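Here is the structure we will look at, set down as structure tokens.
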Amino acid sequence: VMEVNSGHGMASCLKPSRGGCLVLICGLPASGKTTLGRSLVQSEPFRRVLIEHARRIADAEAPGDEEKKARRDDVSVKISLMSFDDVEDELRQRRHDPSHAREGEDLDVFDPDVWREARSVAVTRTRQLLQEDGDSHTCVIVDDNFYRRSMRKAFAKLARECASGFVQLLLDLPAEAAVARNENRSSCPSPSVPSFVIRHMAECVEWPPSSTDLSASGQHDHKSTATAANGVHYRIRWESAVERSTAHIDSTTPPDDMVSSIVRWLSESVEPWRPIVAVDSEGRESGEGTTDGGRGKVTSSPIQEIEVRLRRLISEALKTCSGGDRGVTGELAQRWSRLKSEFMREVKAQVAARNGEGVCDDEALDGLYDAFMRRCQQDAADYLSTGACSS
């Protein structure tokens, strides 16, 4: 976690209401999320625009009261960066300590338990930062792929529970450009993220509707609506509620220019400390898709949808590992077939546990699916470097 404190110390009798703001930086691997996050943390203009918005809150809280109004000059802001990858690396490093390793455990192999724990720890730490006592307004920048709607929804809920503002920055980058970047940014023989993972994420991405495009071209390629199984398009209420604080950014733009665009946008159009509106987080604004009780959960065969996604993922993964010759990847095909069967049993159990009527919880299923994809990613990396799978 990177933290920067800024502003002046406040006299205890002049404390304004302290606010929070949760900023999500979303995008494909190699789209520049961490670089942008670090640039924002270190940006003086970004700090200043947050302070200016906080001062407006202080003004509004004490209109006409000159003594209280003076506190606007003592507003301070703390900016923190939370990276899911950094948390996972931290937990994995602990496992490298022999005292934390289980007998016979291979610490270099992807561990879904560590992955899930890292997600939980990152959410807990983000909540703690937003809720911690102190004189400063707190801005927490969270860096992860967030390529599925349910992944962002969990943080929208968190912002609402913490009475915090919510901002989404979506980095637009074509899949093949992300693949090229990923291959160039690693000195290892094989890139840190296999190309099939990036391409599959790009196919499955669910970007929200946005009223703002910070790209120089004014154009971006994203899915502005969700689609029910019957083909009807609809808008998600919680995403509509944060539409004004959501922006698309061309990831090929230099980081300093991206920061300048974000600062200008925040200054002119967004109130980052304004708490997210408490609306139905999952309901639809329009459309005729079948839902359970209006809560926006598609009831028509989520299990079939997951199976189709898995088949496509495995097919792309085998193609990447074989170079087109499927005969050399029989071991991987058998391994992933077994993993797919185990995964689908867990998916069906999750669905049955919800209410026994086939209604899926998108957040839970997307989490399971992402863990499966990471397992394939680890296997592919092992196969490409050694020609065999880890046990």
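The values are calculated or read from the model by the stated rules, or taken from the named source; none is laboratory data. Owing to the predicted nature of the structure, the values given are computational and were not obtained by experimental measurement. Using ideal geometry, Cβ is built from the backbone for each residue, glycine included, and neighbour counts are taken over all protein chains shown. These area figures cover heavy atoms from the full protein model, side chains too; ligands, DNA and RNA do not enter into them. Shrake-Rupley method; radii C 1.70, N 1.55, O 1.52, S 1.80 Å.
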If Lys and Arg each add +1 and Asp and Glu each add -1, what is the summed charge of the other residues whose beta carbon sits under 10 Å from the beta carbon of residue 30?
+2
Around residue 85: net Lys/Arg minus Asp/Glu count, Cβ-Cβ under 12 Å:
-2
Net charge of Cβ neighbours under 14 Å - reference residue 45; Lys, Arg +1; Asp, Glu -1:
-2
Take 319, 78 and sort them by solvent-accessible surface of the protein heavy atoms, 1.4 Å probe, largest at the top.
319, 78
Whose amide H sits under 5 Å from the amide H of residue 83, counting only residues 5 or more places off or on another chain, with H placed in the peptide plane?
143
